[in-house]
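The structure under discussion appears below in the form of structure tokens.
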Amino acid sequence: MMDATYNWWFASAFVLILVLQPEISESANILSVFPFASRSHNNVYGTIIKALADKGHSFTSITSQPLNSPPPGFKQIDFSDVANKHLNLFSNSTEEKGMLEVVLNMKEMGDDICRSTLFHPEVKKLLNPSKNSERFDLILTSTFLSECFYGLAHINEAPIVLLCPTGPFHITYNTLGILGLPSFISNIMNGYTDHMTFPQRVINTVITYGHMLFNHYYILKDVDSIMKEAYGKNIPLFSELEKNISLVLVNHHFSLNGGRPLVPNLIEMGGLHIKPPKELPKDLKMFMDGASEHGIIYVSFGSILKSSNFPVEVRDAFIGAFSQLKQTVLWKWEGESPLPGQTKNIRLEKWLPQQDVFAHPKVKLFITHGGLLSMQEAASRGVPLIGIPFYGDQFYNLERAEELQIGVKLNAKNITKENLLNAINKVLGDPMYENNMKNVMSVMADQKEHPLERAIYWIEYVMRHKGAKHMRPASADLKWYQLYMLDVLFVLTVIPMALLSLTLYILLRLIRKFSHSKEKTRDSLKKSQ
């Protein structure tokens, strides 16, 4: 009896110890490199960094969006001045920028960001781990203008994880060995959806491969020389360093962006920055609660583009259209207020908690520039939209919105009061747009885990498995002509066709020679007679 009592107490104590024992977690030392990030893109980067820091990982963060109150063990190197210099090129202009103009700016931006970062006094201390006691277990950086930072993974013998705040470029697909043909994957810079007509597929093919050649021979031209200056002459070429990419996390979800080919080390995490709605500031809540039964139109053009920089005629077109509406208009406006002609149904605010605004039941329509994160936030709350694209992936995003029939697109070069009113009345007057957005919201929410949880799991998976090289497909090691099977097609088609042609040529020569010989024999016989 005593033995049974003793065993019961022993078992109970053992279970209690297991329950009370804190979760065992190995803390990693992570270097995050995001010296060029807008506020919206940092919603992706910062959300992941904060989640990893909350799990006990320590950070050194090279960032253009430093935290005001960083947690313990979180070091920051502030690059806001470098980022603002380049972001101002976009924020100070509200003119539509074409793909060529944006791409041509990349070379200058890329070189300046690389040099400003790698030759920064605080960063230079991190470039020689043999002399510096601090080493990193993981390098976290972006897919955009970050190629020169891949050397950090090499010198630390650490895996590298790339975060893609927009849709992936074909360059990303090629790096991972994904056969992303331009016949069904649109270049996000050209404004087509993935369902293209024949002329669009021709243009998309030219743009896609032209962009890849431009990137390889122009943008990346100086990356190797800059890296040799910064890391030393023994640093491998970029073409070798990119083979060490362990994981790419893409801010995509098929509910909005459509189905795309994936490999184990390309993970979709679209919407990971979206949080449950919080209580609105008291004054704003009272204003929105007090709106009429016609609802609220929310207007915002993101964190880079400033609507206060609109030309006067465009600003007046918005004011003129809004003044004729029964709806209340809540407008993120960065300039002075009130505006000339501003009516009582228009409220201007320099900043608004966008996700929480969308959650208010009276918000009926969103007028936007078409940034992917803003579209994800609107979709997560079921709010249809009107989009006015200006540059980058905004054209693709809004073309996709029209394809899904969750909104309409306007031309930034032709903003008039009439066009705005027609678009507003079209979306608000047809319940199809709201119903379709509600359907997208339902599909987007139907995931087995939150995208942030998925992203953190795979980042830690890569660290647990020392880079997880087993996730890398064999296709990533093939030359371009091998990936597209041009060598196989050559063997299976060109060589047999050449052999067949040669055989036919020889047969024809023999037949001709035989016929010629026969004619000569016939002529000889005639002469002898």
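The values are calculated or read from the model by the stated rules, or taken from the named source; none is laboratory data. This is a predicted model, so every value here is computed, not measured. All Cβ positions, glycine included, derive from the backbone under ideal geometry; neighbour counts span all protein chains shown.
Name the helices (runs of 4 or more DSSP H) wholly inside the stretch 248-336 in which the number of residues that are within 26 Å of residue 473 (Cβ to Cβ) is 1 or more.
Because the criterion is at least 1 residues that are within 26 Å of residue 473 (Cβ to Cβ), the helices (runs of 4 or more DSSP H) in the stretch 248-336 that meet it are 254-257.
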Out of everything in the stretch 419-446 that is free of Cβ contacts under 8 Å to residues at least 12 places away in the same chain and closer than 25 Å to residue 261 by Cα, what residue ends up being surrounded by the most Cβ atoms within 10 Å (Cβ to Cβ)?
439
Residues of the stretch 368-418 that turn out to be without any contact (Cβ under 8 Å) to a residue 60 or more places away in the chain, under 24 Å from residue 272 (Cβ atoms) and in contact with an Asp or Glu (Cβ under 9 Å, 6 or more places away or on another chain), as a count
5
I need the full set of residues from the stretch 331-367 which are in contact (Cβ under 8 Å) with a residue 40 or more places away in the chain and more than 30 Å from the chain's Cα centre (by Cα), in order please.
347, 362
Just one of (1) touching a residue at least 12 places away in the same chain (Cβ under 8 Å); (2) assigned to a helix (DSSP H, G or I) trips up residue 491, so point out which.
(1)
Looking only at the stretch 230-239, decide whether some residue is in a helix (DSSP H, G or I), under 21 Å from residue 139 (Cβ atoms) and without any contact (Cβ under 8 Å) to a residue 40 or more places away in the chain.
yes
Within the stretch 486-495, can one find any residue that is closer than 30 Å to residue 165 by Cα, out of contact with any Asp or Glu (no Cβ under 8 Å at 6 or more places or on another chain) and of a type in the set (A, V, I, L, M, F, W, C)?
no
Is at least one residue of the stretch 260-271 more than 21 Å from the chain's Cα centre (by Cα), closer than 28 Å to residue 327 by Cβ, modelled with pLDDT of 90 or more and surrounded by 13 or more Cβ atoms within 10 Å (Cβ to Cβ)?
no
Output yes when any residue across the stretch 149-160 is in contact with a Ser or Thr (Cβ under 9 Å, 6 or more places away or on another chain), within 30 Å of residue 61 (Cβ to Cβ), modelled with pLDDT under 90 and surrounded by 21 or more Cβ atoms within 10 Å (Cβ to Cβ), and no when none is.
no
